[in-house]
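To start, the structure under review is shown below, and the notes come after it.
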Amino acid sequence: MGRVTRRAFALAALATLSTGSGASAAQGRRHLAAEMRGMWLATVANRDWPSRAGLTAAQQRTELIAHLDTAVRRRLNTVILQVRPTADALWPSPYEPWSAVLTGTQGKAPGWDPLGTAVKEAHARGLELHAWFNPYRIANHTDLNKLVAAHPARRHRDWVVGHGGRLYYNPGLPAVRAFVQDAILDAVRKYPVDAVHFDDYFYPYPLAGQTFDDDVAYDRYGGGFPNRAAWRRHNIDRLVAEMSDRIQQVRPGTRFGISPFGVWRNASTDSRGSDTRALQSYDDLFADTRKWVRENWIDYICPQLYWHIGYAAADYGVLLPWWAEATRGTGTRLYVGEALYRAGDPAQAAAWQDPAELSRHLALAKDHPEARGHVFFAAREMAADRIAAMARVVADHYQRPAPPPR
């Protein structure tokens, strides 16, 4: 019978709850429009799950199931689970150690298979499970000796660059690029995940007075490029293009999506850019996100438009149509990353104290057919919903369940 049949059954059951039984239920299912309704479930530093390191396997599983059930209750259809937060794994990997977010000790087996369980339980609930991998981050500290002895970063110290109090794999090394892909594809080979998902961390975010020391790699591999920035962009382009090809070789039909920083370039830098005054992924992270879309290297892009409507430096109302135009006529679908975490945070601007702000984002997106849905950061706020901003989204826009886009 297979996974698709089980998920179709779950969606039909949800539709019956919303539209009644018999002929009316069948009519409701026929009119369900596919759209992305997702949430990120972050594990780095135990942000969303597990709530703390060292819980028992049963406690971890219970918490995970609760997040999946929250997604169903909010009428979402996709969970993007972070399974490789810091060059480690939430599945039994031959390439990298078990993540410390599970047991508190890197390399210690948790006594169960979190990713395998997540895929099975998500599909049983009619949810897609997108496996979220961070390509280059190794650790949120700079001491290699704190890593488990068998960690690849300790065996290949020449792969490692320290920057801003963290450790990263060097994207400029072909051996690193091949290793990162192999480590990720192990999960794709073992589990029927619906998509591979990357976030916005490629080269690290710039820090005043600090440089990312890739001199040796640049001297060896950068000779054919006009400058270091072009070489760095080429390195990330190669990661994305090669990853796209290899995913299809390993498990055909699995999608590949990326959720980058929400500004490609400012119009003051490039006439093709957006009317914004913000950090630029092209120039500062060396991530040419517009190129990936137009080359059709990725199946979907989910820019993090984490600003409110009317924000002067990066207006949601400006960026949404910019991304709609950037994806128009391509094979890359546009989903919009939404800052649920800002809603009701007293440290945020007044717009984020209004429970209707996020609902207005979804209303605005209806004017742009390229926008095929939204993904909310993140699961902890999805459950807590401190000012009922998500409840407002559900009431205004998610009155019925919807199948995810394929």
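The values are calculated or read from the model by the stated rules, or taken from the named source; none is laboratory data. The structure displayed is predicted, hence computed values, not measured ones. Neighbour counts are summed over all protein chains in view; Cβ atoms, including those assigned to glycine, are modelled from backbone coordinates with ideal geometry. Only protein heavy atoms, including side chains, enter the accessible area calculation; ligands, DNA and RNA are left aside. Shrake-Rupley method; radii C 1.70, N 1.55, O 1.52, S 1.80 Å.
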Taking first residues from region 377-389 that are part of a loop (DSSP other than H, G, I, E, B) and second residues anywhere that are hydroxyl-bearing (Ser, Thr, Tyr) and open to solvent by 10 Å² or more (accessible area, probe 1.4 Å), the pairs with Cβ under 8 Å that are 6 or more apart or on different chains are Phe377/Tyr306; Phe377/Tyr341; Ala378/Tyr341
All-but-one check, Val263 against (1) open to solvent by 30 Å² or more (accessible area, probe 1.4 Å); (2) out of contact with any Gly (no Cβ under 7 Å at 6 or more places or on another chain); (3) assigned to a loop (DSSP other than H, G, I, E, B), failing number (1)
Going through (1) within 20 Å of Ala122 (Cα to Cα); (2) open to solvent by 40 Å² or more (accessible area, probe 1.4 Å); (3) modelled with pLDDT of 95 or more one by one, Ala388 fails only at (1)
Can you spot a residue in region 212-226 that is among the charged types (D, E, K, R), in contact with a Ser or Thr (Cβ under 7 Å, 6 or more places away or on another chain), assigned to a helix (DSSP H, G or I) and without any contact (Cβ under 8 Å) to a residue 40 or more places away in the chain? no
Picking from Ala139, Ala230, Ala187, Ala150, the residue that is open to solvent by 30 Å² or more (accessible area, probe 1.4 Å) and among the hydrophobic types (A, V, I, L, M, F, W, C) would be Ala150
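Checking the structure you have, find out if any residue of region 173-181 is modelled with pLDDT of 95 or more, part of a loop (DSSP other than H, G, I, E, B) and farther than 22 Å from Leu90 by Cα.
Yes: region 173-181 contains one or more residues that are modelled with pLDDT of 95 or more, part of a loop (DSSP other than H, G, I, E, B) and farther than 22 Å from Leu90 by Cα.
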Considering region 97-122, residues that are surrounded by 19 or more Cβ atoms within 10 Å (Cβ to Cβ) and in contact (Cβ under 8 Å) with a residue 60 or more places away in the chain, and then whichever is nearest to Asp199 (Cα to Cα), we arrive at Leu115
For region 310-345, the count of residues that are touching a Leu at 6+ places or on another chain (Cβ under 8 Å), surrounded by fewer than 17 Cβ atoms within 10 Å (Cβ to Cβ) and either of a type in the set (A, V, I, L, M) or at pLDDT below 95 (or both) equals 0
